[in-house]
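Here is the structure we will look at, set down as structure tokens.
The values are calculated or read from the model by the stated rules, or taken from the named source; none is laboratory data. No experiment lies behind these values; they were computed from the predicted model shown. Every residue, glycine among them, receives a Cβ derived from its backbone with ideal geometry; neighbour counts consider all protein chains shown. Heavy atoms of the whole protein, side chains included, go into the accessibility calculation; ligands, DNA and RNA do not. Shrake-Rupley method; radii C 1.70, N 1.55, O 1.52, S 1.80 Å.
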Amino acid sequence: MAHIHKPFKKSGWHASKKTKNLKQIITLEKAKEWKTSTPTYWNIEALPSMTPQKKYCDITGLEARYTDPKTRLRYHSTEVYQSIKNHPIGVVQQYLGLRNAAVVLK
């Protein structure tokens, strides 16, 4: 007696794709006619965040834990603080100007 192999699934059966990528979702959302009261990615209005704004080191760009009281530069570690102490006033002014916190230092 010969054994005939039967596949578990039908030979013509293909699973339908159920997930969509972000580009497809955005394209579909733009194509639909939405009511003005329906929230979308483009019209959501949210309250300001209650968490404090993060502060970053003016020299390295890492998260700043400390602020130099003399120059008001933010720094990440003691190594950065040592380099800040050696900077001339003009360089410190340029760093402060980059984050729009230019203060006249004496």
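Condition check ((1) of a type in the set (A, V, I, L, M); (2) open to solvent by less than 100 Å² (accessible area, probe 1.4 Å); (3) in contact (Cβ under 8 Å) with a residue 40 or more places away in the chain; (4) over 30 Å from Q94 (Cα atoms)) across all residues:
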site: T36; (1), (2), (3), (4): no, no, no, yes
site: Y41; (1), (2), (3), (4): no, no, no, yes
site: I44; (1), (2), (3), (4): yes, no, no, yes
site: L47; (1), (2), (3), (4): yes, no, no, yes
site: P52; (1), (2), (3), (4): no, no, no, no
site: D58; (1), (2), (3), (4): no, yes, yes, no
site: R72; (1), (2), (3), (4): no, no, no, no
For this session: Starting from the stretch 82-93, take each residue that is more than 10 Å from I59 (Cβ to Cβ) and list its partners that are among the charged types (D, E, K, R) and modelled with pLDDT under 90, counting only C-beta distances under 8 angstrom and pairs at least six apart or across chains.
Result: none
Exercise. Going through the stretch 74-105 one residue at a time, which ones are outside any helix (DSSP H, G or I) and either loosely packed, with under 10 Cβ neighbours inside 10 Å or modelled with pLDDT of 90 or more (or both)?
Worked result: R74, Y75, H76, S77, H87, P88, N100, V104
